[in-house]
C-alpha cells in the first residue's frame, strides 16, 4: 500500500480532523485565476466571470471500484481525479477546480493518506486544477473517495449528449479495452500471489494495459486539440462504462440510431495479445470493458477533413435515423443490436 | 428505517446504476434560473452570469455521523442537505444547487433509498435548490452520503472567516446545544430499547431537542434577514462543531482575540432542563456540542441598532486584540481560555 514499507506510521487520531485537512492540503497551491478562495473557509469561492460553471461528482469505494492489494495509494489519488476531470472534458469544458472528500478507517496510517494526496497533487499539477475544498472523516471500514470536479466554458462551446444528428460521424479518441485487460492481468497476479507470496510477477509485457488500469489519463489533450482544430462535436460523452453503453447514451439523448463498425474499433496490440491470452473477444472488451476514459463524440461530416489522418481520432461509425436503433456491424457484415453491458457497480457486488 | 414497515422491498441489483439514478431523481424539478442542465449528462451546467460561485462539500458516514436505529431515512436525507446548505449561508451566499452521491450496501432495499430521496426532495423544495447531479454506487457495508452544495453571490457580499476586527460584536443566531442534547436523549432511548424492545418512549418533552438533532434547519431565513436589514457581517461561520471551535476559527483567520460571555449564550429552556436531567453543564454543551447549524458572525458596533431586540440574534461577546487570545468570561467573572473541543470524528471512532 505504501511505496516505502519502512516508513514510520502515524495514527490518524493523533492529528484530528482539522489537523489532518491542514496537513494534507498545505502543499497545494492555487493557480487558477478563477479561484478566489480555496480550502479554509465554509466554502470555496470561484469567479468564472460570465462563463458557465460545469460540475461533476464521482464516488470511489474500496472493494467496489478499487482493490488496494494492487492499487498503490498514489495511483488511486491520481485516478480518482482523472475519473472526474474526464467528465468535465466530455462537456468540452476546461477543468479548473476539484474538491476531495475522504472517509477513511483507522487501519490507514497518515503516511498512506499522504501517498494518496501525493497522487491527487500530481494530477492537480499536470492537469492544472486547484484543490479548493473537501471533507475528511472516519469510516467503519475501508476507504471512500468522493471527488467533485468543476470547470468552465463559454455557453456556446459546451457539448451535451443530446446534439448528435443523423449522418454525423461517430469518433473515438485513443484506443479501447486496455483498462479492462489491465485489470484482468492484475487480478490474475493477485491470485498467483495468494498461492505463492514469493512469486515475482513479470508485468513488463503488460505495462501499457496495467497503466491504463492503474493510472488512466483524462483527455485534456483532446479538449485542447478540439480548440486548436476549431472542431465542434455535436455530442460527446466520456467512455467510463464501455463503448456500447456510451453509444446508447448518445443515441437515447440525441434521439438517433447508430451503426458502429467492428473493424474500426481502435485496439492497441497489447490489448489484442492479452485478449488472445485470456481467451476473451477483444470487441466485447472494447464494447463493455469500461474505465478507458477516452472521449466518444459525434461530428458533422463537413468537419471530417479536420480530423483525417490524426492517429488519436478514429471514426468508428455514423449516426442513423432514431427508428433504426444502435447496431454493431460485425467483420462478417452482420448487424447486431448494441446492448448496455456497461460496467454495473450493483451487479458486481 | 422505513416509515411503512409493510411495503414491498425491491432489490437494488434489479435496477442497476442508471435505472436507480433515473428512478430516484425523476421527480426532481429544476427551478433555479442558474441551472442550465441538471442530472443526465457528464456534468451539470450552471450560469451565474457574473456572480461568484460558492461550493462546499460534506460526507456523512453511517455509524460515524448517523445511526439508522433512530435516524429515519427521510430525516437523514433532509439533514445531509442542511449540513451543506449551512456552509453556503455561512458565506452569505444564496444556495442554488446540490449534487448527492450515495454508496449503499445491498442490505438497503430501493424503498429505503426512496425515503432518503424524499427527504432530499423536501429539503430541495423548501430551500429552493436544484438537484443537478450525483453518483450512486454500492458499498461493502453501510451507507455513505456525499453532498456538494453550490451557491452564488455578488463578490462584495461574500463574508469570509477572516474579516473580524477588534471591537466587533460577536453574534449568534437561534440557540445552542439542542442538537447535542437531542442526541443524548436518542442514545438513552436506544439503550432502553435494547433492554426492553416493547418500551414506548415518551419523547414529547424532548421534541424540540430531538428535532434539532434529527431534522436541523439551515439558516436561510437569517441570510434573507441580513439582506433585508442591509446587515454586513465582517466575518461568519456556521456552528457545526460547537461554539468554542467556531470562535477559534474566526479568531485564527481574522487574527483577533475574543471575549465570550457565558451568561449571554442563548439556550432553549428544554436544553437547560435536559442538561439538568443528564447532569451535564449547559455551557459546555453549547461550547462543544456541535451540529446546531446556527450562524456565528461578527458585526461592526455601528450596525448594532439593526439587530437590537431581534429575538433570533444574540450578542454573545466582542472581538479583542489578537494578542489577547479567545476567552470565556464566566458567570462569576473569571476568564477561561477557550479550547477547541469541537466534535472530532476521528476521536470518536
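The values are calculated or read from the model by the stated rules, or taken from the named source; none is laboratory data. Please read these numbers as outputs of a predicted model, since none were measured by experiment. Methodologically, a virtual Cβ is constructed for each residue, glycine included, from the backbone with ideal geometry; neighbour enumeration extends over all protein chains shown.
Filtering the stretch A:141-151 down to residues that are within 9 Å of chain B (Cβ to nearest Cβ) and in contact with a strand residue (DSSP E or B) (Cβ under 6 Å, 6 or more places away or on another chain), which residue is nearest to residue A:48 (Cα to Cα)? So, considering only residues that are within 9 Å of chain B (Cβ to nearest Cβ) and in contact with a strand residue (DSSP E or B) (Cβ under 6 Å, 6 or more places away or on another chain), the one nearest to residue A:48 (Cα to Cα) is A:151.
Just so you know, in the stretch A:73-106 the residues that are at pLDDT 95 or above and assigned to a loop (DSSP other than H, G, I, E, B) include one that is farthest from the other protein chains (Cβ to nearest Cβ), and it is A:92. Once the stretch B:107-124 is narrowed to residues that are in a helix (DSSP H, G or I) and within 14 Å of chain A (Cβ to nearest Cβ), the residue that is nearest to residue A:145 (Cα to Cα) is B:113. Within the stretch B:257-275, the set of residues being in contact with a helix residue (DSSP H, G or I) (Cβ under 7 Å, 6 or more places away or on another chain) and assigned to a loop (DSSP other than H, G, I, E, B) comprises B:265, B:267, B:268.
Of the residues making up the stretch B:63-72, those that are touching a helix residue (DSSP H, G or I) at 6+ places or on another chain (Cβ under 9 Å) and either within 10 Å of chain A (Cβ to nearest Cβ) or closer than 17 Å to residue A:61 by Cα (or both) number 1. Selection within the stretch B:1-19: residues that are under 26 Å from residue A:90 (Cβ atoms) and within 7 Å of chain A (Cβ to nearest Cβ). The member of this set that is modelled with the lowest pLDDT is B:17. Within the stretch B:43-72, the residues that satisfy the criterion of being outside any strand (DSSP E or B) and either in contact (Cβ under 8 Å) with a residue 40 or more places away in the chain or farther than 15 Å from residue A:52 by Cα (or both) are B:43, B:48, B:51, B:63, B:64, B:65, B:67, B:68, B:69, B:70, B:71, B:72. The set of residues in the stretch A:244-256 that are touching a helix residue (DSSP H, G or I) at 6+ places or on another chain (Cβ under 6 Å) and crowded, with 19+ Cβ neighbours inside 10 Å comprises A:244, A:256.
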